[in-house]
Amino acid sequence: MKNVFVLNLVWIVAAAVLGFAITAIFAGQFRLPRSLFLVVYLVLVLPFLYAFARWSNLSFIELIRHNWVWGLIGAVLIGAFLVRNILSQSGSPRSQGLSLAFDIAWLGIVYGTLDALFLSVLPVLATWQTFSALGWTVTVPGKIAVGVIALFASLLVTVAYHLGYPEYRVPGSIMGPSIGNGVMSIGYILTNNPIAAVFSHIAMHIAGVFQGPATVIQLPPHY
């Protein structure tokens with residue numbers, strides 16, 4: 001049991017370190033354009049997620065099927081909240097035609113999915129697995145406690161990842177992504193289905209594409 005606890009903690013800390021390193025180096029130092037930055041983000045994080053899934057012996061089908069209706073309900077409610085926030089921000093020019101379709105797929109679906117899996121699903125799932133093995137999740141008070149710990153794990157990864165971006169080192173600016181990703185992680189925790197976090201994150205990113213990537217803060221990096 002002790003080994004499981006330590007190893008899951010290592011996964012969470014490693015995710016925080018990896019996230020900060022990616023954004024600090026490729027956005028902070030190299031200042032890669034957003035679409036190119038996403039290539040690096042995908043290449044480095046996807047194997048990390050795959051390794052975690054293999055180590056955890058995850059069944060993606062079971063993970064998605066469990067409470068999937070609640071997951072969809074959570075995605076709709078949280079997505080509506082996040083999209084409303086996007087629409088309240090200043091707009092900027094967006095792509096047209098095929099370029100817009102590419103941005104929806106690349107910056108909306110791919111970027112949104114990757115963020116959700118890395119910032120919400122992995123830390124929450126690693127935390128839940130850890131304390132389930134310790135027997136904490138068999139009672140309601142235990143589940144609540146684990147849910148709170150899982151939220152803090154997600155926030156750890158979220159804050160570390162965003163602090164790598166120069167734009168989020170301004171005092172107070174880290175609150176936005178912390179609240180947004182926190183809400184999505186809470187959705188996953190309450191519904192016990194990753195659809196709540198993944199679909200709402202995708203909706204947020206797609207809304208950002210239409211509102212204008214140059215001004216929407218949820219689509220970093222901005223230079």
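The values are calculated or read from the model by the stated rules, or taken from the named source; none is laboratory data. Quantities reported herein were computed from a predicted structural model and do not represent experimental measurements. Neighbour counts are summed over all protein chains in view; Cβ atoms, including those assigned to glycine, are modelled from backbone coordinates with ideal geometry.
Residues that are buried (at least 20 other Cβ atoms within 10 Å of the Cβ) and among the aliphatic types (A, V, I, L, M) within the range 124-135 comprise Val124, Leu125, Ala126, listed in sequence order. Of all the criteria given as (1) surrounded by 23 or more Cβ atoms within 10 Å (Cβ to Cβ); (2) out of contact with any Gly (no Cβ under 7 Å at 6 or more places or on another chain), the one not satisfied by Ser200 is (2).
Candidates Ala51, Ala27, Ala15, Ala21: the one that is more than 15 Å from the chain's Cα centre (by Cα) and either at positive phi or buried (at least 20 other Cβ atoms within 10 Å of the Cβ) (or both) is Ala27. Between Val13, Val6, Val39, Val17, the distinction of being within 21 Å of Ala105 (Cβ to Cβ) and in a helix (DSSP H, G or I) belongs to Val39 only. Scanning the range 93-123 for residues that are hydroxyl-bearing (Ser, Thr, Tyr), more than 9 Å from the chain's Cα centre (by Cα) and at pLDDT 95 or above, we see that the one that is surrounded by the most Cβ atoms within 10 Å (Cβ to Cβ) is Tyr111. In the range 141-177, the qualifying residues are those that are surrounded by fewer than 17 Cβ atoms within 10 Å (Cβ to Cβ) and small (Gly, Ala, Ser), and the one that is modelled with the lowest pLDDT is Gly172.
Across the range 64-87, the number of residues qualifying as small (Gly, Ala, Ser) and modelled with pLDDT under 95 comes to 0.
In the set Val39, Val138, Val45, only one residue is at pLDDT below 95 and not small (Gly, Ala, Ser); that residue is Val138.
Could you tell me whether Val45 is part of a helix (DSSP H, G or I) and surrounded by 15 or more Cβ atoms within 10 Å (Cβ to Cβ)? Before you say what the answer is, go through the steps one by one.
Working: part of a helix (DSSP H, G or I): yes; surrounded by 15 or more Cβ atoms within 10 Å (Cβ to Cβ): yes.
Taking the combined requirement at face value, the residue satisfies it.
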